[in-house]
Amino acid sequence: MRFVQRGKSMGFGYRRGCASIAATAAVLLLGGCIGGLGGCGTTQVKTPAADAGNKNGELVYKYVPPIELSTVGTTLPAPVYPPGDDRNDNAWTRHLRDNLGIVVNKWWETSAGQLEQKTNLMIASGNIPSFFIATPTQLVQLERAGLIEDLSGVYPQYASANVRSVIEEAGPEVLEAAKIGGKLMGIPFTGVAKESVPMLWVREDWRSRLNLPQPKTTDDVLTIAEAFAKRDPDGNGRNDTFGLALNKSLSMGIGLLNGYHAYKGIWITERDGRLAYGSVRPEMKQALGKLRDMYGAGLIDPDFGIKESSKVYESIGAGQIGMAYGSLSANELYLQTPGSRWLAYPAPSADGSSAMLQHGLNLNIGFWVVKKGTPHPEAVLRMADEFVKKFYLNTDDAVYKRFNYDIEQKASIWQQAPVKLYKSYKNAEISAHLEPFLVSGKEPTAAEKARLTPEEREKYVLIQDYLSGRSAEWSVIARNGLRGGGTVILDYVKKGQLLADRFYGLPTKTMVRKQPTLAKLEEDVMKRIILGAPLEEFDQFAEDWKRLGGDEITAEVNEWAGAK
């Protein structure tokens, strides 16, 4: 992770009927320019051809006459527009039209949860827009049908330094995942999986009251969990608390599993270089044994096996749980327990070596794809560059209000940007930029404040309000203050503690047929073991997993890895 002075190009980067597709391709190809962008005419650019690519990390030209692009996309469940604005007439569309010569027409927008289904229906209809987000499976379908552009030559020539930085920080696998047969068929919509890895959150009022150690090892975690469950940490005289949060999918236990070098649901690299499924490795048996012991000792809610994460947070809000593995954001903890103070700790390890924190492919939904035959496919990269500059690199308050968030209107205007890329470590970056001032205790000078983003300046004020007693809201300091969640992520990155899923291809043939059965087997056996079944059941589970298709899947995954 690296930082570059504000105002210059910034090096710091911040996440599925082939027959019908083929028929769609035939219809579109026969249609020539049907659904095209601004017809089949030629659009000129203001600058000479020599300047049409990168210039000091930025793309500087404007399309004259403007080019017209159609798209579809996602939005918040209840989008709020400033008065007079809508999805096709807002700060972002006007800026792109007036300054870049790009006119964007969004056919429709929907929630992220509905996007895949609605996009599938759109593809099946034979009418796709100029550019849009495609899931990994949709990417392959579109490529096989010949419906999307090969961007192999576009990306090297037109991706700005800002865009490259964001994509490179997301991990080399995200760009590799966009390639089919060596051709780059989409631009990764980078996500925040890296910044969402687990850390350990502890109620500091409980820990202090019981004079417990800070958690530096998994043994410390077990000690704290036992005390929280058995020593009346809330002082109400009742036996009504538990030591550690756990939900039915075990996602809230990933941090503890990782502390035992066990990796649920992802593929890891063995010493011989082959890929292996983490859920059936011997380390998982040991980790499940610890959870089994904790459950048997009454340190875990006996109803965890039927509780979604939301229900577990309700238990936290009811004052029943004082320790949980979670992401760097403390918002849910603050909302549930505003009068309590939680502190983030790096996920401890069981053996003195650093815990490796697992994460999936660092994508948001999938890839930005461009319809075959679209003039100026590089326009997608132009818009991505504008988003990175306006959303992440801007230091001007007026620009922030215009393009990012209008606090008076409570409008998340950034959602209307037609193309977005997410930085992998946004909150960690905020923490890094604020740390010098928080450590020194000195107010930043006017020049130093000017180099911060509006969001960073806002976070600094909120942290100072909490420290001075003017505010009781601790969620910001828990995330971006000293020893906050952001600094935990910085520490992980510095020490190389992030572990990406090494399989990022499409589901293999056997996965498609047998993964649902294997996933159900995994969930049932792991839960049963924690609830008290003999630990030896894990050995039978590992054998059953291999026999019922796991061996075939492992062979296919390694064949994929060898062909990369």
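All of the numbers you see were taken from the coordinates with simple rules; none came from a lab. Computed from a predicted model, the values in this text were never measured in an experiment. Here Cβ is always computed from backbone atoms with ideal geometry, including for glycine, and neighbour counts include all displayed protein chains.
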Segment 291-445 - percent relative contact order, Cα under 8 Å, separation 6 or more = 11
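Could you work out the helix-only [θ] at 222 nm for the chain, with each DSSP H run of four or more residues adding -39,500 (n - 2.57) and the total divided by the number of residues, to the nearest 500 deg cm²/dmol? Intermediate results must be reported in sequence, preceding the final value.
Numbers: 23 runs with 228 residues, N = 564.
One gets -12000 deg cm²/dmol as the mean residue ellipticity at 222 nm.
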Unit charges on C-beta of K, R, D, E only; dipole of segment 302-419, Debye | 320
Counting DSSP beta bridges with both ends in the chain, the antiparallel % (nearest 5) = 70
Starting from segment 341-423, pick out the GluC sites (Glu not before Pro) whose DSSP state is loop and whose Cβ has at most 15 other Cβ atoms within 10 Å.
-> Glu408
Sequence-distant or interchain residues sharing an amide H contact under 5 Å with Leu69, placed H: which?
-> Val103, Val104, Asn105
Rounded to the nearest 20 debye, dipole of the chain from Cβ charges on Lys, Arg, Asp, Glu = 760
Relative contact order for segment 198-342 using alpha-carbon pairs under 8 Å, separation at least 6, rounded to a whole percent?
-> 35
Please list, in chain and number order, the residues 5+ apart from Leu184 or on another chain whose amide H is under 5 Å from its amide H, with Hs placed from the backbone.
-> Leu151, Ser152
Taking a ≥ b ≥ c as the square roots of the eigenvalues of the Cα gyration tensor, with a/c under 1.5 meaning rounded and otherwise prolate when a/b exceeds b/c and oblate if not, the chain is oblate
When the scattering of segment 393-456 is computed by the Debye formula from its Cα atoms alone, each counted once and equally, what is log10 I(q)/I(0) at q = 0.13, 0.14, 0.15, 0.29 Å⁻¹?
-> -0.44, -0.51, -0.58, -1.26
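Need one word for segment 327-470: rounded, prolate or oblate. Basis is the Cα gyration tensor (sqrt eigenvalues a ≥ b ≥ c); a/c below 1.5 gives rounded, then a/b vs b/c decides. Don't skip to the answer; put the middle values down first.
Numbers: a/c = 2.01, a/b = 1.31, b/c = 1.54.
Oblate, because a/c is 1.5 or more while a/b does not exceed b/c.
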Long-range HN-HN contacts of Trp342 with modeled amide H, under 5 Å | Glu204
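Of Arg341, Arg203, Arg502, how do they rank once you tally other Cβ atoms within 10 Å and put the fewest first? Let's see the in-between values first.
Working: Arg341 20, Arg203 25, Arg502 15.
Result, fewest neighbours first: Arg502, Arg341, Arg203.
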Could you give me the ³J(HN,Hα) list for segment 397-405, computed from phi with Karplus coefficients 6.51, -1.76, 1.60 and θ = phi - 60°, whole Hz, x at Gly and Pro?
-> 5, 5, 5, 4, 5, 6, 10, 10, 8
About its Cα centre, how strong a charge dipole does segment 378-481 have in debye, to the nearest 20, once Lys and Arg get +1 and Asp and Glu get -1 at the Cβ?
-> 120
Partner lysines whose C-alpha sits under 24 Å from that of Lys442, ignoring same-chain residues fewer than 8 away, are Lys426, Lys459
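All other residues with a Cβ under 9 Å from the Cβ of Phe437 taken together, and with Lys, Arg as +1 and Asp, Glu as -1, what is their net charge? Write out the running numbers ahead of the final one.
Numbers: positive: Lys442; negative: Glu435, Glu443, Glu448.
Net local charge, Phe437 excluded: -2.
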Computed ³J(HN,Hα) along segment 199-209: with the Karplus parameters 6.51/-1.76/1.60, θ = phi - 60°, integer Hz and x for glycine or proline, the list is 9, 9, 9, 10, 6, 5, 5, 5, 4, 5, 4
Highest to lowest packing among 439-452, 473-486, scored as the average C-beta count within 10 Å | 473-486, 439-452
Relative contact order in percent for segment 248-290 (Cα pairs under 8 Å, 6+ apart) equals 36
Span from the segment 77-134 Cα centroid across to the segment 273-328 one, whole angstrom = 40
Cα-based shape type of segment 209-260, given that a ≥ b ≥ c are square roots of the gyration tensor eigenvalues and the cut on a/c is 1.5 | oblate
